[in-house]
Amino acid sequence: MPIVIFQLPDGTERKVTAESGTALMQAAVSNGVDGIVAECGGNASCATCHVYVDEQHTALVGPPNGVEEEMLDFTAAERRATSRLSCQVRLSDALDGLVVHVPEEQV
Amino acid sequence: MTSAAGVVVVGGGQAGYSVVSALRGAGYDGPVTVFADERHLPYQRPPLSKQAHTEPDGTRVELVPESFYRERAIGLRLGERVTALDTAARTVVTGTGTRVPYDHLVLATGARNRRLPVPGAGLDGVHALRSLDDALAIGRALTTARDVVVVGGGFIGLELAQVAVAGGARVTVLELAGRLLSRAVSPQLQEHLRQRHEHSGVRILTGTGVRAVEGAGRVERVVTDRGVLPADLVVYGIGAAPRDELARDAGLAVDDGVIVDEHLRSVTDPRISAVGDCARHPHPHAAGLVRLESVQNATDQGALVGRRIAGSAAPYRSLPWFWSDQGAVKLQIAGLRTDTDEVRVVPGDSPDRLAAYAFRGDRLVAAETLNWPAEHLAARRLLERQVPVSAGDLTGSTLGALARARRGAGVRA
Ligand SMILES: Cc1cc2nc3c(=O)[nH]c(=O)nc-3n(C[C@H](O)[C@H](O)[C@H](O)COP(=O)(O)OP(=O)(O)OC[C@H]3O[C@@H](n4cnc5c(N)ncnc54)[C@H](O)[C@@H]3O)c2cc1C
Ligand code: FES
């Protein structure tokens, strides 16, 4: 049961307990974390689940996959080296303590 | 901002959820009540036709867990139907006779499937697909079905056909029109999609109507105007009609959907809004009023009304977009492709990719893409920001390249 910390644009943070094997997006949505819209429900269709992975964890989380890589060029908030679509990040116990930053805008 | 009666939402689907989530997100602190006549927590419909669902608990299609509503003091009245509106007294009446007052009423009642208008449509093994309960019944039937007949070559039917064929069934799609998705996508894509479906083993019979469904208690065969097909499961998706009867009975203007203005308020009663599948609304990209059935439309309209009730004043202008996953084909549409003059089909950067760009005059108004999410997103960025794109701009280029170039030039596209 990894714990994930979402840092919100207003400076507050949300700490949620997630389930291993589920998507990072799901952890946000199930806990009502504001700013993760996830309009397509995790289908890699909408890019409204964009997050910035904290630098200390980018290596552990890994790079975006092929389709995701292309989609990240067109997110609403600027793309950074740490950008991921949270529906494409699978959580595991190895990611316990993961910190991600929620961008200002998704749509 | 707070007022005594607060907001009542009729319908606990994609749009109803979006209304209440936006209301609380924007700081509205009055009473909020949602009447939802299904027994399930508000859920997403797209997965219902894209996977086989067999386990009520394993489906995980709900939009957010129950705690979301509890923590935000949103009264979720599951299994309770609103049966009448009393607009003079500003109350809704529920099936149990309870009367609940409102300051603002939001109709988010969705749509219902058109019934299959042939003899035998009521036999066991004949299903429509709209609700989670429908999907569970179909999912159970698919575990044993050998001959599946899908009536209607629209998005839902084609998606379900792919689910059934992947599960090992023999699948036939019957479509009355001469082409699949005849009004929904450009003709050039219709033919392409047909080939993709046939290649994956789905038999497609266009120009073929259903006359009857037959069997002793359970479906055994489908009689078409071109012969008889064996069937142990029939799923039909032949279009939907808005659930606008509450509004009509209450005397609100209705014409295949509740008629609303650019703020999504009923043109008859400004205390009542309508959002999602049940709303017919003006749109800056359309000549007349439109009624759209999509997650985007339900989400963005719900959010607009939630924010408006909480105090913001912007009119509805969101760019329509849509997706449909048909087996290995991911179809995405950005923009409204009605009244287009020209469609140009362009191969993508890999063999399974394709784009169809639709123009009104010399201006891009919509883009349909296959297996090319980045091109779809680029289309949305450009169309949302009203960047003019002509057919000439797309000669030897893609929307992705145009959007990247704009971004590179320091203009956020
Ligand atoms: C199988 C299927 C697959 C789909 N796939 C896609 C897709 O891939 N992409 C896409 O963009 N869109 C898709 N759609 C369309 C999308 O799901 C709908 O446009 C969207 O759900 C509309 O949201 P809504 O809230 O207006 O209506 P709904 O989600 O239908 O919700 C309306 C709810 O209100 C309830 N209700 C109605 N009247 C009353 C009343 N009087 N009292 C209480 N409750 C009431 C209904 O029972 C229902 O639960 C799909 C739809 C279906 C059915
Ligand atoms: S939820 Fe739509 S792309 Fe991630």
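The values are calculated or read from the model by the stated rules, or taken from the named source; none is laboratory data. Fair warning: this is a prediction, and the values are worked out from it, not measured in the lab. Cβ placement follows ideal geometry from the backbone for every residue including glycine, while neighbour counts extend to all protein chains displayed. Ligands, DNA and RNA are excluded from the accessible area calculation, which covers all protein heavy atoms including side chains. Shrake-Rupley method; radii C 1.70, N 1.55, O 1.52, S 1.80 Å.
Summary of computed values
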{"read-out": "Difference of contour (0.36 nm per residue) and Cα-Cα distance, A:Ala81 to A:Asn65", "value": "4.4 nm"}
{"read-out": "Mean ellipticity per residue at 222 nm, deg cm²/dmol - from DSSP H runs of n ≥ 4 across chain A, formula -39500 (n - 2.57)", "value": "-3500 deg cm²/dmol"}
{"read-out": "Residues with amide H under 5 Å from that of B:Ala366, placed H, sequence gap 5 or more", "value": "B:Ala358"}
{"read-out": "Derived scalar couplings ³J(HN,Hα) [the range B:88-103; Karplus, 6.51 cos²θ - 1.76 cosθ + 1.60; whole Hz; x for Gly, Pro]", "value": "5, 8, 6, 9, 10, 10, 9, x, 8, x, 5, 10, 10, x, 9, 8"}
{"read-out": "For B:Val258, distant residues with modelled amide H under 5 Å away", "value": "B:Ala279, B:Arg280"}
{"read-out": "Dipole magnitude of chain B, debye to nearest 20 (Cβ charges: Lys/Arg +1, Asp/Glu -1, about Cα centre)", "value": "600 debye"}
{"read-out": "For chain B, accessible area per residue (1.4 Å probe, heavy atoms of protein chains only), Å²", "value": "40 Å²"}
{"read-out": "Phi to ³J(HN,Hα) by Karplus 6.51 cos²θ - 1.76 cosθ + 1.60 over the range B:203-209, Hz, x for Gly, Pro", "value": "7, 10, 10, 8, x, 10, x"}
{"read-out": "1.4 Å probe, heavy atoms, protein only - residues of the range A:53-96 losing at least 50 Å² accessible area vs chain alone", "value": "A:Glu70, A:Asp73, A:Phe74"}
{"read-out": "Cα-projected label distance for B:Thr395 with B:Ala287, points at 7 Å along beta-carbon direction, nm", "value": "2.8 nm"}
{"read-out": "Solvent-accessible area lost in complex, 50 Å² minimum, residues of the range A:26-47 relative to chain alone, 1.4 Å", "value": "A:Glu39, A:Asn43, A:Ser45"}
{"read-out": "Shielding by partners - mean other protein chain Cβ count within 10 Å, residues of B:377-383", "value": "4"}
{"read-out": "Nonlocal amide H pairs with B:Thr340, under 5 Å, H built at 1.01 Å", "value": "none"}
{"read-out": "In sequence order, calculated HN-Hα J values of the range A:89-95 (Karplus, 6.51, -1.76, 1.60; Hz; x Gly/Pro)", "value": "9, 8, 7, 8, 4, 5, 9"}
{"read-out": "Within the range B:116-159, backbone nitrogen closer than 15 Å to the virtual label 7 Å beyond the Cα of B:Arg81 toward Cβ", "value": "B:131"}
{"read-out": "Antiparallel bridges, percent of DSSP beta bridges restricted to the protein assembly as shown (to nearest 5)", "value": "60 percent"}
{"read-out": "Choice from B:His263, B:His192, B:His283 with maximal GNM fluctuation in chain B (Cα, 10 Å cutoff)", "value": "B:His192"}
{"read-out": "Under the Debye formula (equal points on every Cα, no solvent term), log10 I(q)/I(0) of the range B:337-408 at q = 0.12, 0.15, 0.26 Å⁻¹", "value": "-0.27, -0.42, -1.32"}
{"read-out": "Viscosity 0.890 mPa s, temperature 25 °C, Stokes-Einstein D of chain A from Kirkwood C-alpha radius, µm²/s", "value": "184 µm²/s"}
{"read-out": "Label-point separation in nm, B:Thr338 to A:Glu105, each point 7 Å along Cα→Cβ", "value": "2.8 nm"}
{"read-out": "Residues listed by number, the range B:224-264, amide nitrogen under 16 Å from B:Arg146 label point at 7 Å toward C-beta", "value": "B:229-234"}
{"read-out": "Relative contact order, percent, the range B:115-236 [alpha-carbon distance under 8 Å, six or more residues apart]", "value": "35 percent"}
{"read-out": "Average Cα contact separation per residue, chain A, under 8 Å, 6 or more apart, as relative contact order %", "value": "41 percent"}
{"read-out": "Share of carbon and sulfur in the accessible heavy-atom surface of the protein assembly as shown [1.4 Å probe, %]", "value": "49 percent"}
{"read-out": "Fraction of beta bridges assigned by DSSP in the range B:46-195 that are antiparallel (%, nearest 5)", "value": "60 percent"}
{"read-out": "Buried solvent-accessible surface, both chains (A, B), 1.4 Å probe, Å² to nearest 100", "value": "2200 Å²"}
{"read-out": "Cα-based Rg / Dmax (Å) for the protein assembly as shown", "value": "23.1, 69"}
{"read-out": "Paramagnetic reach from B:Glu191 (point 7 Å along Cα→Cβ, amide N under 19 Å) across the range B:320-352", "value": "B:341-348, B:352"}
{"read-out": "The range B:115-236 - share of DSSP beta bridges that are antiparallel (%, nearest 5)", "value": "30 percent"}
{"read-out": "Rough spin-label spacing in nm, given labels placed 7 Å along Cα→Cβ, for A:Thr17 and B:Val93", "value": "4.8 nm"}
{"read-out": "GNM flexibility winner over chain B from B:Arg170, B:Arg194, B:Arg140 (Cα, springs under 10 Å)", "value": "B:Arg140"}
{"read-out": "Computed Rg/Rh of the range B:51-107, alpha carbon atoms with Kirkwood Rh", "value": "1.11"}
